[in-house]
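Peer 1: Before I ask anything, let me first share the structure, which is written out below as structure tokens.
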Amino acid sequence: MPNFLKFLTKIIVNQKVKGFLEKIGLYYYLKNSYRFFLVFLGKRGLKLKVQDTNAKIIISNPNEFSIYQSLDGEKIFLQKFLSRINNETVFYDIGANIGMYSLCAAKYKVCPRFIYCWEPEPFNFKRLKENIGLNDIEDIAAFPVALGSKNAVLELWTDAKEPGSLTPSFTRKSSKSIPVQVTRGDDWVLRKKLYLPSIMKIDVEGYEFDVLKGFEKTISKSKPIIFLEIHPFFLKNLGIKKEQVLNFLYGLNYTTTFSSLRKNQEHYILESL
């Protein structure tokens with residue numbers, strides 16, 4: 001059945017096919033039938049196809065299914081991430097979205113000590129909590145806040161109408177925005193008395209430099225492995241170059257141990273020397 005849904009997904013998201021089906025009056029019926037199948041099959045969760053995990057993820061719309069089917073184009077990065085987990089791992093999932101990394105980590109063959117998730121977009125956060133409940137994960141905490149270099153309320157730009165439908169951003173404008181609380185990472189660690197991280201994943205659509213600066217004390221103290229997604233195009237909106245992001249970590253005695261290009265984004269693994 002997932003293969004059938006994969007076929008329907010390609011039809012639903014293909015603009016040319018959509019236009020043709022709209023002309024002959026079939027797109028509305030196909031779209032509604034497709035969503036019925038998604039909700040029917042996906043409300044109990046579909047198994048995530050990542051090595052040595054037994055996690056499930058709720059699927060209710062085409063965007064969530066695309067993330068599920070392709071692992072959001074991050075399978076190699078995910079595998080490298082999982083290979084570094086052990087039973088002492090404290091994982092910080094910054095920009096958790098609907099929870100793919102956290103779910104995989106929590107249900108991996110080796111259980112981490114604790115997982116912390118941050119996701120400010122309301123639709124994504126709601127689904128993240130539902131996915132945590134579906135998988136009966138106990139050693140985890142999820143926070144509906146954004147992290148940055150200072151404590152403030154900022155406009156989060158998002159056109160999202162359902163979970164996974166658009167990655168929210170502080171760095172690119174869209175037709176709608178919502179105010180969200182931004183907290184300096186170091187302050188959040190102290191205030192909530194969090195375990196210090198051994199692994200951090202940062203995927204924040206161009207806001208990565210601010211997130212890193214906000215965690216400078218924590219990073220300097222705990223020296224976590226950092227799985228970083230850099231968005232050069234969105235960084236430009238803040239007047240920042242990717243070299244500044246990397247040089248900040250190099251200045252904290254980090255080195256790049258892996259890098260790859262994913263469309264217009266770049267994946268890095270950085271480790272303390």
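The values are calculated or read from the model by the stated rules, or taken from the named source; none is laboratory data. Source: prediction; values computed, not measured. Here the Cβ positions follow ideal geometry from the backbone for every residue, glycine too, while neighbour counts run over all protein chains shown.
Peer 1: Is it the case that Y268 is more than 23 Å from F143 (Cβ to Cβ) and within 16 Å of the chain's Cα centre (by Cα)?
Peer 2: yes
Peer 1: Of everything in the stretch 35-66, what is among the aliphatic types (A, V, I, L, M) and farther than 16 Å from N135 by Cβ? Give them in sequence order.
Peer 2: L38, V39, L41
Peer 1: Within the stretch 176-197, is there a residue that is under 30 Å from R35 (Cα atoms), outside any loop (DSSP other than H, G, I, E, B) and among the small types (G, A, S)?
Peer 2: yes
Peer 1: Right, next: Report yes if some residue within the stretch 63-85 is part of a loop (DSSP other than H, G, I, E, B), surrounded by fewer than 19 Cβ atoms within 10 Å (Cβ to Cβ) and modelled with pLDDT of 80 or more; otherwise report no.
Peer 2: Here is the first cut: in the stretch 63-85, the ones part of a loop (DSSP other than H, G, I, E, B) are 74, 84-85.
Next, only the ones that are surrounded by fewer than 19 Cβ atoms within 10 Å (Cβ to Cβ) stay: 84.
If we keep only those that are modelled with pLDDT of 80 or more too, we end up with 84.
Yes, there is a match, as at least one residue in the stretch 63-85 is part of a loop (DSSP other than H, G, I, E, B), surrounded by fewer than 19 Cβ atoms within 10 Å (Cβ to Cβ) and modelled with pLDDT of 80 or more.
Peer 1: Just one of the numbered conditions (1) under 20 Å from G185 (Cα atoms); (2) part of a helix (DSSP H, G or I); (3) out of contact with any helix residue (DSSP H, G or I) (no Cβ under 8 Å at 6 or more places or on another chain) is not true of E243; which one?
Peer 2: (1)
Peer 1: Quick one: how many residues across the stretch 86-133 are within 23 Å of F170 (Cα to Cα) and surrounded by 21 or more Cβ atoms within 10 Å (Cβ to Cβ)?
Peer 2: To start, the set of residues in the stretch 86-133 that are within 23 Å of F170 (Cα to Cα) comprises 92-102, 116-129.
Then drop every residue that is not surrounded by 21 or more Cβ atoms within 10 Å (Cβ to Cβ), which leaves 92-102, 116-121, 124-125, 127-128.
Looking only at that region, the number is 21.
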